[in-house]
Structures are given as structure tokens and as C-alpha cells.
Amino acid sequence: MRHVFVDESCQNDHHYMVLGALCMPGELVRDAEAELEAIIAAERLAESEMKWTTVNRRKLPACQGMIEHYFRSLVIRGATFHALVVDSWALDHRRYNGGDGELGFNKFIYTLLLHKIGKPNGRDHKIVVDLDARTAARVPEELQDCLNNGLKRDLGAAHYPVFKRVAFRDSKSTRLLQLSDILTGCVAWHKNDHDARPEASVWKAGLANHVASGLNLRRLGACSARGEVRLNVWNLNLRPRGRGAR
């Protein structure tokens, strides 16, 4: 069983939207939750939710500790992280999604989960997905059906259904969804050049730079090298193919 925790950053009013998926063996989840909780409790923040939007001087050590634990311990035990970057300025929901922005958003989650989580693991694992809870007209079960139909088409009926559950979950109830949020926020911070703004948070800048340094990168957001699963970035090309397209 694989367990996936999905969050997003910069969905509105930013050049690039980033979707992030933290994936790990199901048997690791309970221990990982406890280990992250201990890191946060050591900073006397046990009652606080760790979210990218709330990164500040007080929470920075705990967020860094969570990230370092991910790279030093969870990755070794099978955890991976995948980010999908979408150029929001190239979106045309009216043309492709009947004007339904939520449908378009779900299509990008589908793309990330199908190609980065489903296909690599579908032949050997069942998959459960926790999506960061949000107000939505479309139910997660619709996405689950689409994912299973996509894998059935690509992998064959013998592996159907692979996605056993896709559901919304309150991020306050799981440190792993919070970790996914922080990693996603780090990628979006660099990709959108937020650190270039005069009012940029030095704490968020430090956290994003800390992640990049751990990967021997100057900045986050470029497409990752083949085989990189610690923090894999995929910049989705939305430009139509054909004459004039590059």
C-alpha cells in the first residue's frame, strides 16, 4: 500500500501554481507521523499547525527539522515527493474545461497522481490519497474513478482498481499533509521568484534555500533530473503542439 498526501501552493493570482504529492509506504505512515510530531513538540509547538503560509521566525526551526527528517530518514525508508508546476498564465478553462476552473484543477491533480504515483506503483501497490480539504463542488470519488480508469487503460484490467481511496482530509489532523504543504510552498516560492519582492519573508526564503541547498541546487523549480525522487519537479507544458510551438 502507498499513501499519498497532496497539497497545492499559489493556486490564485500567481504566475505558477504548484501541486505537491508526498508518497510513502503505508506501513511507514504511523511512525512518520509520530516522528514529525516529536520534532514539533521539541520546539513547543505541539498545538500549532505547520503550514507554508504561517512560516515565521518562531516556526522556522520546527519546519527545518521536519524537512531534514524527510531527507535524512523518510526518503531512506521509501518516501518520495513529486511537484507539478503549472503556468497559470497559459490556462484557458473556458476553452478546455467548459469554464469550470475546478475541473481544470482536478485534471492537474489527475496528471500528477497518474504519471508520478499511479503508473510507477500501480502494478505492485494499492494507493490511498489524502487531499488537503477545500470547499469544492466536485467530490474526490470522481477523481478516484478517473484515476482508476486511466490506469486500467494503461496497465490493464488485472490491476484495477489501484486507487482504493481518494478523499479530503483536514491538514490539522496529519503532520504528513503539513510536510507536503511546506515542501510544495518551497518550490512555489522559488518558481515564482517571491524572494525578489521587497516584502519577502526572510524566514520563507531561508527555508526554501535550505531545501535547495540540500539537493545541491541553487534554486527550486526547474525540471528534475531523471530518477530524482527526493524532490522531483515536473514543469507541465501547456502550449499546443504544432506550427510555432516550442
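The values are calculated or read from the model by the stated rules, or taken from the named source; none is laboratory data. Predicted model, so just to flag it, every value in this text is computed and none were measured. Cβ atoms come from the backbone with ideal geometry, glycine included; neighbour counts cover every protein chain shown.
Among the residues of the range 76-99, those identified as surrounded by fewer than 12 Cβ atoms within 10 Å (Cβ to Cβ) and either at pLDDT 85 or above or not in a helix (DSSP H, G or I) (or both) are I76, D92, G98, G99. Selection over the range 1-51 of residues that are farther than 22 Å from V75 by Cβ and touching a Cys at 6+ places or on another chain (Cβ under 8 Å) gives a count of 2. Please count how many residues of the range 1-58 are assigned to a loop (DSSP other than H, G, I, E, B), within 20 Å of the chain's Cα centre (by Cα) and of a type outside the set (D, E). So the count comes out to 9.
Every listed requirement among (1) of a type in the set (D, E); (2) farther than 18 Å from D181 by Cβ; (3) at pLDDT 90 or above is met by E102 save one, (3).
Residue-by-condition table, conditions (1) among the small types (G, A, S); (2) without any contact (Cβ under 8 Å) to a residue 40 or more places away in the chain; (3) under 16 Å from T54 (Cα atoms):
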| position | (1), (2), (3) |
| --- | --- |
| L131 | no, no, no |
| R134 | no, yes, no |
| N148 | no, yes, no |
| K191 | no, no, no |
| K204 | no, no, yes |
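Being surrounded by 15 or more Cβ atoms within 10 Å (Cβ to Cβ), at pLDDT 85 or above and farther than 12 Å from F168 by Cα, is that true of even one residue in the range 129-145? The answer is no, given that none of the residues of the range 129-145 is surrounded by 15 or more Cβ atoms within 10 Å (Cβ to Cβ), at pLDDT 85 or above and farther than 12 Å from F168 by Cα.
For first residues located in the range 206-226 and among the β-branched types (V, I, T), partners that are assigned to a helix (DSSP H, G or I) and lie 6+ apart or on another chain with Cβ distances below 8 Å form the pairs V211/I67; V211/L183; V211/C186.
Each row is one residue, and each column tells you yes or no for (1) closer than 27 Å to G65 by Cβ; (2) in contact with a Cys (Cβ under 9 Å, 6 or more places away or on another chain); (3) among the polar types (S, T, N, Q); (4) not in a loop (DSSP other than H, G, I, E, B).
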position	(1), (2), (3), (4)
D145	no, no, no, yes
V166	no, no, no, yes
D181	yes, no, no, yes
A200	yes, no, no, no
A212	yes, yes, no, yes
R219	yes, no, no, no
E228	yes, no, no, no
N237	no, no, yes, no
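Only one of the numbered conditions (1) exposed (fewer than 15 other Cβ atoms within 10 Å of the Cβ); (2) outside any loop (DSSP other than H, G, I, E, B) is not met by A205, and that is (1).
Only one of L179, L183, L231, L236 is modelled with pLDDT under 95, surrounded by 11 or more Cβ atoms within 10 Å (Cβ to Cβ), in contact with a strand residue (DSSP E or B) (Cβ under 9 Å, 6 or more places away or on another chain) and not polar (S, T, N, Q). Can you tell me which?
On the way: L179 fails: modelled with pLDDT under 95; L183 fails: modelled with pLDDT under 95; L231 fails: modelled with pLDDT under 95.
Criteria check complete, one pass: L236.
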